[in-house]
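Notes for the one structure printed next.
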Ligand code: PDD
């Protein structure tokens, strides 16, 4: 464990010294929510959007946000190194209860933790990644960014065990999202992604891509995508805060398009980098 500084319950301290009780509800029940926020050139990216999603996640688990948006900004900023690209992980659990009881404890202070890691976005214009399609085994609150990620862990591991980078999930024959990402497809020249619903996490990267596409008159649509349509797509991308936009060039050992990152991915990738630079 490194010596990097993390934040825990009002204190900045080395990671190795950050300790919580085994009675924490996050540890015992996975009773908490989280956010992952990229920071480019040492500046938090779309912070308000991430904090708004955090508000929604907290509301959905009936936990009050312990901090205002301004307090969050002030709390997270000291963790960032100037001019570097990094990502902030923050987690709030329902706190430490006197006994293990599924029902909410009374008068308990939430546990607040934050740490910073590096980010490693895909930037290889000539190669993409492989993905595995799997039935989405998760629950009905996938729009809540809950720390309870066992299903996602198992789905992602199934992908890794099959030599793939991501699991692409489907429910009732329709695409939902990736185990750790949102999914886009280019079908008949239109950039498509499933609409927001409790079946997917409303990704911030997803929003940014749709925004950029619309601004640049790239035809796009938020619509249900049957898996057999997805298999015929000329491009598939997975998107997330820590990896930006990754081209999928192989789904279940079948080539997507010509098996290389597509032309629209190349344009969107470039536009995304330009957008990041414009915020510098
Ligand atoms: N995960 N869907 C799921 C299930 C995710 O876990 C993520 C991101 C996304 C993309 O959301 P965003 O663009 O806001 O990062 C979609 C983060 C990075 C994680 O769990 O580490």
First in segment 1-30 and outside the structural domain of residue 67 (by TED's automatic domain parsing) and within 16 Å of residue 109 (Cβ to Cβ), second anywhere and at pLDDT below 95 and outside any strand (DSSP E or B), Cβ under 7 Å, 6 or more apart
none
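Report, by residue number, each residue of segment 207-231 that is over 27 Å from residue 145 (Cβ atoms) and either within 16 Å of the ligand (Cβ to nearest atom) or in contact with a strand residue (DSSP E or B) (Cβ under 7 Å, 6 or more places away or on another chain) (or both). Spell out the reasoning first.
Here is the first cut: in segment 207-231, the ones over 27 Å from residue 145 (Cβ atoms) are 216-219, 228-229, 231.
Passing the criteria: 218, 219, 229, 231.
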Over segment 214-241, the set of residues in contact (Cβ under 8 Å) with a residue 12 or more places away in the chain, in contact with a helix residue (DSSP H, G or I) (Cβ under 9 Å, 6 or more places away or on another chain) and either farther than 20 Å from residue 172 by Cβ or not in a strand (DSSP E or B) (or both) is 216, 218, 219, 220, 234, 235, 237, 239, 240, 241
Are any of the residues in segment 128-148 in a helix (DSSP H, G or I) and within 16 Å of the chain's Cα centre (by Cα)?
no
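Given the criteria more than 16 Å from the ligand (Cβ to nearest atom) and either in a strand (DSSP E or B) or modelled with pLDDT of 95 or more (or both), does residue 38 qualify?
Details: more than 16 Å from the ligand (Cβ to nearest atom): no; either in a strand (DSSP E or B) or modelled with pLDDT of 95 or more (or both): yes.
It is false that residue 38 is more than 16 Å from the ligand (Cβ to nearest atom) and either in a strand (DSSP E or B) or modelled with pLDDT of 95 or more (or both).
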Is it the case, given these coordinates, that residue 90 is modelled with pLDDT of 95 or more, part of a helix (DSSP H, G or I) and touching a strand residue (DSSP E or B) at 6+ places or on another chain (Cβ under 8 Å)?
no
Output the residues belonging to segment 171-197 that are surrounded by fewer than 20 Cβ atoms within 10 Å (Cβ to Cβ) and touching a helix residue (DSSP H, G or I) at 6+ places or on another chain (Cβ under 9 Å).
173, 174, 187, 189, 196
Are any of the residues in segment 14-34 away from the ligand (no atom under 13 Å from the Cβ) and within 16 Å of residue 73 (Cα to Cα)?
no
Apart from one, (1) within 15 Å of the ligand (Cβ to nearest atom); (2) on the phi > 0 side of the Ramachandran plot all hold for residue 146; the odd one out is (2)
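The values are calculated or read from the model by the stated rules, or taken from the named source; none is laboratory data. Owing to the predicted nature of the structure, the values given are computational and were not obtained by experimental measurement. Glycine gets a Cβ as well: all are built from the backbone with ideal geometry, and neighbour counts include every protein chain shown.
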